[in-house]
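Read the structure below first, then the notes.
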Amino acid sequence: MVFLSRNVFAQVQRRAFSSTAANAYKVAVLGAAGGIGQPLSLLLKLNNKVTDLSLYDLRGAPGVAADVSHVPTNSTVTGYLPDNSGLEKALTGAEVILIPAGVPRKPGMTRDDLFNTNASIVRDLAKAAAEYAPKAFILVIANPVNSTVPIVAEVYKSKGVYDPKRLFGVTTLDVLRASRFISEVKGTDPNDEPVTVVGGHSGVTIVPLLSQSNHPDIEGETRDALVHRIQFGGDEVVKAKDGAGSATLSMAQAAARFANSLLSSFSGTTVTEPTFVDSPLFKDEGIEFFSSQVTLGPSGAEVIHPLGKLNEYEEKLIEAAKVDLKKNIAKGVKFVAENP
Ligand code: NAD
Ligand code: LMR
């Protein structure tokens, strides 16, 4: 008789759920019981490429898992807490790991104000991921993304497992907002309004390239107001929630969309969308990470596209973005150097 270890058995089982082994993935959500984590877990449960959904949180994850597991799709859902090697079990065998773990903003705060709390949360989760799932694709949601992505990179480098193609800062919410807000200005369907958003994920580092959208004609005060709304869309939600956190539902949709793009790309669908990655675009200026259009594929970030043609207004936005980005990235790198 052949005995399979628990992990091997789970892998065989989940592959069996899918018609093709290439379309069956274990996806882990770290921070799964939070405002983003819960709806994100639900959306991932509805994704038929996810056959094993692994939910980890300091508290509440088994309850979320039990609840989501009743949604009638053929995937297994397991909730883990820190006890009984929960994090190790949640991560082992994971192909994709999403990290929404961390505190959200309150009115009056910047994303950078979250650094002191979230830097160590992300560092510690990255250490565990580097140990238990070193080949997994990491999708960082926790803010400040401009700093938490470099933190993961530094941890992975220190463990000798860094593959820049496998690390992504999720900036999809900026892209969704840009489509939605431009559709409100023009009275169109947001699904027909692709907008490339580049740079980073906070305030002036968020740069929508309206000249490359369907509406390069948007000019003057309308353009300024639209760009400002895209850059500071997060603040709208923080203010409206009035102390109860930041965007969770729209963010869950954004993260589920990016995860689906990545999973689809593994089986040959070409998907190109903006994401914050280890990028050659401004390395010569000391900016190691930048968001631009990235073609996804089985090895992750396969092609990092240049920004394309910009107008003078956008050139200025990029210059302003680079100033903040450089500081945000350096802060993350320094944090890991000083607090390994
Ligand atoms: P939340 O407080 O509702 O949920 C966070 C969850 O993380 C909680 O359940 C908490 O228990 C868990 N957690 C904390 N430390 C943990 C650890 N060490 N291990 C596992 N779980 C841990 O917050 P939220 O609204 O879900 O937001 C989460 C993060 O996402 C925030 O930092 C927020 O700023 C960020 N965010 C990013 C974007 C983006 O576009 N990238 C958008 C919205 C929010
Ligand atoms: C967002 O863009 O909604 C998130 O980054 C959360 C925030 O703090 O605004």
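The values are calculated or read from the model by the stated rules, or taken from the named source; none is laboratory data. Nothing here was measured: the structure is a model prediction, and the numbers come from that model. FYI the Cβ positions are ideal-geometry reconstructions off the backbone, even for glycines, and counts take in every protein chain you see.
Please determine whether any residue of the stretch 213-222 is in contact with a Gly (Cβ under 8 Å, 6 or more places away or on another chain) and surrounded by fewer than 17 Cβ atoms within 10 Å (Cβ to Cβ). No - not one qualifying residue is present in the stretch 213-222. Residue-level check: of (1) within 16 Å of ligand 1 (Cβ to nearest atom); (2) polar (S, T, N, Q); (3) touching a residue at least 60 places away in the same chain (Cβ under 8 Å), SER211 misses just (1).
One residue stands out among those in the stretch 290-299 that are within 20 Å of ILE151 (Cα to Cα) and touching a strand residue (DSSP E or B) at 6+ places or on another chain (Cβ under 6 Å): the one that is surrounded by the fewest Cβ atoms within 10 Å (Cβ to Cβ), which is SER292. What about GLY31, is it buried (at least 17 other Cβ atoms within 10 Å of the Cβ), at positive phi and modelled with pLDDT of 95 or more? Yes: the conditions hold for GLY31. Applying a threshold of 6 Å to beta carbon distances and a minimum spacing of six or more residues, or different chains, the list of pairs starting in the stretch 159-175 at a residue that is of a type in the set (Gly, Ala, Ser) and ending at one that is surrounded by 24 or more Cβ atoms within 10 Å (Cβ to Cβ) reads GLY169/VAL140; GLY169/VAL145; GLY169/VAL149; GLY169/PHE276.
Against the conditions (1) within 16 Å of ligand 1 (Cβ to nearest atom); (2) farther than 24 Å from PHE115 by Cβ; (3) not in a loop (DSSP other than H, G, I, E, B), where does GLU184 fall short? Just the number, please. So the condition that GLU184 fails would be (1). Filter the stretch 127-185 down to the residues that are crowded, with 24+ Cβ neighbours inside 10 Å and of a type in the set (S, T, N, Q), then identify the one that is nearest to GLY34 (Cα to Cα). Of everything passing the filter in the stretch 127-185, ASN143 is nearest to GLY34 (Cα to Cα).
The sole residue among ALA94, ALA101, ALA90 that is more than 16 Å from ligand 2 (Cβ to nearest atom), aliphatic (A, V, I, L, M), assigned to a loop (DSSP other than H, G, I, E, B) and touching a residue at least 40 places away in the same chain (Cβ under 8 Å) is ALA94.
Every residue, every condition in (1) within 15 Å of the chain's Cα centre (by Cα); (2) more than 16 Å from GLY245 (Cβ to Cβ); (3) at pLDDT 95 or above; (4) near ligand 1 (Cβ under 8 Å from one of its atoms), yes or no:
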| site | (1), (2), (3), (4) |
| --- | --- |
| TYR80 | no, yes, yes, no |
| GLU95 | yes, yes, yes, no |
| ARG105 | no, no, yes, yes |
| LEU114 | no, no, yes, yes |
| LEU125 | yes, yes, yes, yes |
| LEU139 | yes, yes, yes, no |
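Kindly indicate whether any position in the stretch 232-241 is within 15 Å of GLY200 (Cα to Cα) and either buried (at least 21 other Cβ atoms within 10 Å of the Cβ) or free of Cβ contacts under 8 Å to residues at least 40 places away in the same chain (or both). So far as the stretch 232-241 goes, yes, one or more of its residues are within 15 Å of GLY200 (Cα to Cα) and either buried (at least 21 other Cβ atoms within 10 Å of the Cβ) or free of Cβ contacts under 8 Å to residues at least 40 places away in the same chain (or both). Screening LYS331, LYS326 for residues that are within 17 Å of ALA153 (Cα to Cα) and without any contact (Cβ under 8 Å) to a residue 60 or more places away in the chain leaves exactly one candidate, LYS326.
A single entry from ASP67, ASP124, ASP83 fulfils the requirement of being away from ligand 2 (no atom under 15 Å from the Cβ), surrounded by fewer than 23 Cβ atoms within 10 Å (Cβ to Cβ), under 30 Å from LYS331 (Cα atoms) and free of Cβ contacts under 8 Å to residues at least 12 places away in the same chain: ASP124.
Filtering VAL238, VAL294 for residues that are away from ligand 2 (no atom under 13 Å from the Cβ) and in contact with a Pro (Cβ under 8 Å, 6 or more places away or on another chain) leaves a single hit, VAL294.
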